[in-house]
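Take a look at the structure below.
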Number of protein chains: 2
Amino acid sequence: MKGNPTHPLNPEKSGDLTRSEESKQRILLAGTAIFAQKGLEGSRVDEIADEAHINKRMIYHYFESKENLYVEVLRYNYTKLYTRGSSVIQSGTDPEIVIKQAIREYFYYLAEHDEFVRLMSWEALNQEKYANRVLPQLIDPAEPVLRQFLQVGQQAGLIRKNIDIRHLLVSVNALCLVYFSRREMLQTFWKEDIMAPSMLEERLTHIQDIIFNGILNYGEEEM
Amino acid sequence: MKGNPTHPLNPEKSGDLTRSEESKQRILLAGTAIFAQKGLEGSRVDEIADEAHINKRMIYHYFESKENLYVEVLRYNYTKLYTRGSSVIQSGTDPEIVIKQAIREYFYYLAEHDEFVRLMSWEALNQEKYANRVLPQLIDPAEPVLRQFLQVGQQAGLIRKNIDIRHLLVSVNALCLVYFSRREMLQTFWKEDIMAPSMLEERLTHIQDIIFNGILNYGEEEM
DNA sequence: TAAGTAAGTAACTAGTTAGTTACTTTGTTT
DNA sequence: AAACAAAGTAACTAACTAGTTACTTACTTA
């Protein structure tokens with residue numbers, strides 16, 4: 001439990017952040033790393049303090065409790081994804097291109113954010129106990145936009161009429177997520193490196209192949 | 001920490017099991033329930049002892065350590081699935097029917113075995129640390145059988161030639177698993193009960209629709 | 001520059017838990 | 001039925017950890 005002994009206000013590194021905001025930020029990043037690795041129960045507050053180069057007392061000062069820090073770590077990370085997500089949907093041109101692009105963005109977001117994949121997995125096992133405190137606020141405004149977008153895609157004939165859009169969303173999520181959330185399992189049985197760029201591109205192609213040839217009306221038969 | 005005070009050897013209830021085998025069995029079942037719910041770290045040995053109606057000391061007598069009990073709980077539960085799985089594959093008639101049946105069996109196995117879904121999820125977060133001690137023994141003999149079966153399906157023209165069978169397996173697994181492993185999340189946003197029989201059948205139909213219309217050569221266009 | 005406040009620190013406490021010890025009870029074999 | 005082994009028990013301990021207390025240092029503003 002060392003804490004950062006000097007800690008001068010460093011305008012170069014901290015930008016516009018005040019010292020306290022910079023400390024909070026460091027705690028959130030450390031919390032993300034540790035909680036993603038070990039979950040709420042498995043993580044030690046002392047460890048997070050060390051990782052953040054801050055005294056444990058300050059975690060209680062800024063976040064009140066371990067549990068509350070965990071919720072704020074979830075909020076921080078979900079917000080990052082949803083902010084990015086909305087910008088993709090809003091760039092509304094051709095639905096087909098937007099759908100393909102959205103799947104690609106989501107897939108590579110997961111590929112590059114192991115902590116996010118793991119935080120979601122911990123929350124699934126927590127029965128979404130903590131995520132439910134932050135997710136509705138984020139999803140409720142986004143949901144009608146997404147739903148309407150997909151309905152337009154359906155009415156334009158791109159998505160088959162008999163497909164339930166909710167299942168489609170679950171399936172896209174599943175096809176992307178499981179590749180990462182179970183990657184140690186896959187890696188046990190695959191020779192190639194699961195995370196190699198060429199393998200990622202192969203997986204994405206497979207997903208788009210399933211979704212577009214299985215669900216969407218995608219021009220002529222082409223096999 | 002009561003333990004079972006009377007515990008007469010009860011041949012009616014225990015069948016062929018000796019008393020010690022029956023105790024081991026009770027510990028494994030209790031371990032399955034508690035570890036599935038709370039994971040390795042979150043579970044308390046005292047709690048497992050209570051659930052098994054046995055003294056904690058006996059857990060150490062039969063299983064040596066909490067960690068080792070966890071591994072044996074994994075072995076017990078994976079073995080149950082794999083035993084069932086092999087019998088489906090071996091009933092080798094029409095590949096199309098067998099594939100459909102295998103997906104249905106797996107899907108409903110997961111639907112009925114929440115503890116199994118959760119044990120797998122904990123292991124994913126453990127980077128398969130403990131599952132890797134038992135899985136290869138189970139999968140290694142089954143793998144060539146499955147692979148050859150799928151290759152026959154591919155050569156018979158049922159599965160498109162340009163589909164990587166490994167990705168196909170990951171995808172089927174993903175489409176089934178995520179519906180259950182994230183069900184609290186889905187339930188937050190869906191009105192209907194995710195686990196209602198009609199909803200399960202709907203999900204399975206959707207999965208088979210994706211797989212058969214997207215991946216397999218499934219007769220004529222039918223939409 | 002003095003006073004007040006925000007940020008940071010070290011040492012402690014109260015509660016918890018995996019694993020052990022020293023023991024008793026139950027069942028089996030000769 | 002006596003001797004022995006298997007199964008079961010209660011109470012303990014050593015290690016750990018979330019959260020607190022009483023304090024010092026750094027920064028800001030009048």
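Computed from the C-beta positions of B:PHE189 and B:ASN55 and an R0 of 41 Å, the FRET efficiency is 0.35 to the nearest 0.05. Taking amide H atoms as placed 1.01 Å from N in the peptide plane, the amide H of B:ILE159 lies under 5 Å from those of B:GLN154, B:ASN217, each 5 or more residues away in sequence or on another chain.
Quick one: if the Förster radius is 45 Å, what FRET efficiency do B:VAL145 and A:GLU21 give, using the C-beta to C-beta distance and rounding to 0.05? E between B:VAL145 and A:GLU21, to the nearest 0.05, is 0.15.
Classify the protein assembly as shown from the C-alpha gyration tensor, please: rounded if a/c falls under 1.5, else prolate or oblate depending on whether a/b exceeds b/c. Oblate, because a/c is 1.5 or more while a/b does not exceed b/c. Checking the cross-link pairs A:LYS38/B:LYS129; B:LYS24/B:LYS129; A:LYS129/B:LYS38; A:LYS80/B:LYS38; B:LYS38/B:LYS129; A:LYS191/B:LYS80 against a 22 Å limit on the alpha carbon distance flags B:LYS24/B:LYS129; A:LYS80/B:LYS38; A:LYS191/B:LYS80 as lying beyond it. Projected onto its three principal axes, the C-alpha set of chain A covers 67, 42, 37 Å, listed from the longest axis down. For the protein assembly as shown, the 222 nm mean residue ellipticity estimated from helices alone, with every DSSP H stretch of n ≥ 4 adding -39500 (n - 2.57) and the total spread over all residues, rounds to -23500 deg cm²/dmol. Selection among A:ALA174, A:ILE103, A:MET120 by position relative to the dipole of chain A gives A:MET120 as farthest towards the positive end (Cβ unit charges, Cα centre).
What is the extension gain from A:GLU64 to A:SER87, computed as 0.36 nm multiplied by their sequence separation minus the C-alpha to C-alpha distance, in nm to one decimal?
Difference between extended and current length: 4.9 nm.
Taken residue by residue and averaged, Cβ atoms of other chains lying within 10 Å of the Cβ of B:201-210 number 4.
Take B:THR205, move 7 Å from Cα toward the beta carbon, and the resulting point lies 3.4 nm from the same point in each other copy, nearest first. The charge dipole of chain B, taken about its Cα centre with unit charges on the Cβ atoms of Lys, Arg (+1), Asp and Glu (-1) only, comes to about 680 debye. With the largest listed first and rounded to whole Å, the semi-axes of the equivalent ellipsoid of the range A:16-64 from the Cα gyration tensor are 19, 11, 8. The charge dipole of the protein assembly as shown, taken about its Cα centre with unit charges on the Cβ atoms of Lys, Arg (+1), Asp and Glu (-1) only, comes to about 1180 debye.
With the cut-off at 1.5 for a/c, could you classify the range A:125-191 from its C-alpha gyration tensor as rounded, prolate or oblate? Oblate shape, in that a/c is at least 1.5 and b/c is the bigger or equal ratio. Within chain B, the whole DSSP H helices whose Cα atoms reach 15 Å or more along their own axis and whose mean Kyte-Doolittle score is at least -0.5 are B:19-42, B:95-112, B:114-125, B:135-155, B:165-181, B:197-214.
Computing Rg and the Kirkwood Rh from the Cα coordinates of the range A:37-77 gives a ratio, Rg/Rh, of 0.93. Over chain A, what is the relative contact order in whole percent, taking alpha-carbon pairs under 8 Å and six or more residues apart? Relative contact order comes out at 18 percent. Can you grab the distance from the C-alpha centre of the range B:125-177 to the C-alpha centre of the range A:23-80, Å, no decimals? Each part reduced to its Cα centre gives a spacing of 38 Å. All Cα-Cα separations within the range B:99-217 were binned at 10 Å from zero, giving a P(r) of 11, 38, 34, 16, 1, each value a whole percent of the pairs.
Every number in this text was worked out from the coordinates using simple rules, so none of it is lab data. Not measured: the values here are computed from a predicted model. Heads up, the Cβs are rebuilt from the backbone with ideal geometry, glycines too, and the neighbour counts pull from every protein chain shown.
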